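Student: One structure follows; several queries about it will come next.
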Amino acid sequence: MSTTETWTIGKLLTWTTEYLKKSGSQSPRLDTEVLLAHARSCQRIELYTAFAEEPDEEVKAAFREMVRRRAEGTPVAYLVGHKEFYSATFEVNTDVLIPRPETEHLVVEALDRAKQMVEQRGAATTLRIADVGTGSGVVAITLAKQFADCRVTAVDISQAALEVARRNAAQHELGEDRIEFILGDLLSACEPQQQFDLILSNPPYVSESEYDHLPRTVRDFEPKQALVAGPDGSELIAKLIDQSFRCLAAAGYLIFELSPRLAESLVALTSGQWAGPWVTKDLAGLARVATLQKIG
Ligand SMILES: C[S@@+](CC[C@H](N)C(=O)[O-])C[C@H]1O[C@@H](n2cnc3c(N)ncnc32)[C@H](O)[C@@H]1O
């Protein structure tokens, strides 16, 4: 990108899309628009009515720098500092996993089960919900926003991730009366007398060998602790199932995201104390969310 030419918005969009495509981006036009809109502090749609305009030097310099980093593999969400999830915007940085669209299936399943529970128990019920491995807080915050009759406990092993999640909760105007954040290893920090109606989790479920084959944009930028569970990938799910039994109220649900590969071994991980698993598929038709109900 020469700095002496006239670089209108239209020209910047065309040139950069081609450049990012050659650099390996799977969504070069979208990436370009998001980065240019961010540099220009405007909505993407506004670029389309400003094709002939030439942005000022400061905007072009900020855009060039982001394009350079994008071409090196930095995910767009880390460059602009936010990501959309369930039609809302969440802050992200390299301390947290970038929320994935697949995780919206976990939220939909949790909302369905929560509504059923309140219907059965009566309108005055306040459900107690845990989100284990909250990361940026997307699951906990979306549940609290979409479902007024609940109080959420969000847990993560990473202090840095919890700071991002706390800022997101404040941004979405959810106070401590709706969400509390706890530093801990899965559910081990939860009080023995604390009983949840729903335990939700998108835990790390990648095996060490799968991790080696993930795209570089994931391996080089996203926190390994958010992805890898151990040699098999099922380690944290197995631990979570075990701990959840102790922390769930009678007839409570454990709902978690998993890899399609692990869905096959799920029955072996659950004993006779659980009903289910009921498995929900994602948009690609792959097993993505499992639901268990405590019957013991
Ligand atoms: C796959 S990310 C999910 C983040 C977020 N819930 C989402 O769906 O985008 C997993 C999260 O679990 C956290 N984590 C990893 N091991 C943990 C453990 N033993 N106990 C609690 N959290 C853990 C990671 O720090 C990370 O934030």
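Student: Which fully enclosed helices (runs of 4 or more DSSP H) of the stretch 39-96 have 2 or more residues being of a type in the set (Ser, Thr, Tyr)?
Tutor: On the way: elements: 44-47, 57-71, 76-80.
Output list is empty.
Student: Continuing with the same structure: Can you tell me which residue within the stretch 130-184, out of those that are near the ligand (Cβ under 7 Å from one of its atoms) and aliphatic (A, V, I, L, M), is surrounded by the fewest Cβ atoms within 10 Å (Cβ to Cβ)? Before you say what the answer is, go through the steps one by one.
Tutor: Of the stretch 130-184, the ones near the ligand (Cβ under 7 Å from one of its atoms) are 131-136, 138-139, 155-158, 161, 184.
Next, only the ones that are aliphatic (A, V, I, L, M) stay: 132, 138-139, 155, 157, 161.
On the way: Val132: 30, Val138: 29, Val139: 30, Val155: 25, Ile157: 18, Ala161: 25.
Ranking the candidates gives Ile157 first.
Student: Considering the stretch 122-145 alone, what residues qualify as being under 14 Å from the mean Cα position of the chain (by Cα) and assigned to a loop (DSSP other than H, G, I, E, B)? I'd like the intermediate steps shown before the answer.
Tutor: Keep residues of the stretch 122-145 that are under 14 Å from the mean Cα position of the chain (by Cα), which gives 131-143.
Result: Gly133, Thr134, Gly135, Ser136, Gly137.
Student: Look at the stretch 215-233 and say how many of its residues are more than 10 Å from the ligand (Cβ to nearest atom) and within 21 Å of the chain's Cα centre (by Cα). Steps first, answer last, please.
Tutor: Going residue by residue through the stretch 215-233, those that are more than 10 Å from the ligand (Cβ to nearest atom) are 215-221, 230-233.
From what's left, within 21 Å of the chain's Cα centre (by Cα): 215-221, 230, 233.
The number of residues fulfilling the criteria is 9.
Student: Out of Glu180, Glu173, Glu191, Glu119, I need the residue that is farther than 18 Å from Pro204 by Cβ and in a helix (DSSP H, G or I). Which one? Before you say what the answer is, go through the steps one by one.
Tutor: Details: Glu180 fails: in a helix (DSSP H, G or I); Glu173 fails: in a helix (DSSP H, G or I); Glu191 fails: in a helix (DSSP H, G or I).
Just a single option satisfies the conditions, and that option is Glu119.
Student: Surrounded by 16 or more Cβ atoms within 10 Å (Cβ to Cβ), more than 19 Å from Glu104 (Cα to Cα) and over 21 Å from the mean Cα position of the chain (by Cα): does that describe Leu236? Please lay out each step first, then the result.
Tutor: Details: surrounded by 16 or more Cβ atoms within 10 Å (Cβ to Cβ): yes; more than 19 Å from Glu104 (Cα to Cα): yes; over 21 Å from the mean Cα position of the chain (by Cα): no.
So Leu236 fails the test.
Student: Taking the stretch 185-206 only, how many residues are surrounded by 14 or more Cβ atoms within 10 Å (Cβ to Cβ) and within 14 Å of the ligand (Cβ to nearest atom)?
Tutor: The number of residues fulfilling the criteria is 11.
Quick note: the coordinates plus some simple rules give every number you see, no bench work behind them. Predicted model only: the values in this text are computed from it and were never measured. Here the Cβ is made from the backbone with ideal geometry for all residues, glycine too, and neighbour counts use every protein chain on show.
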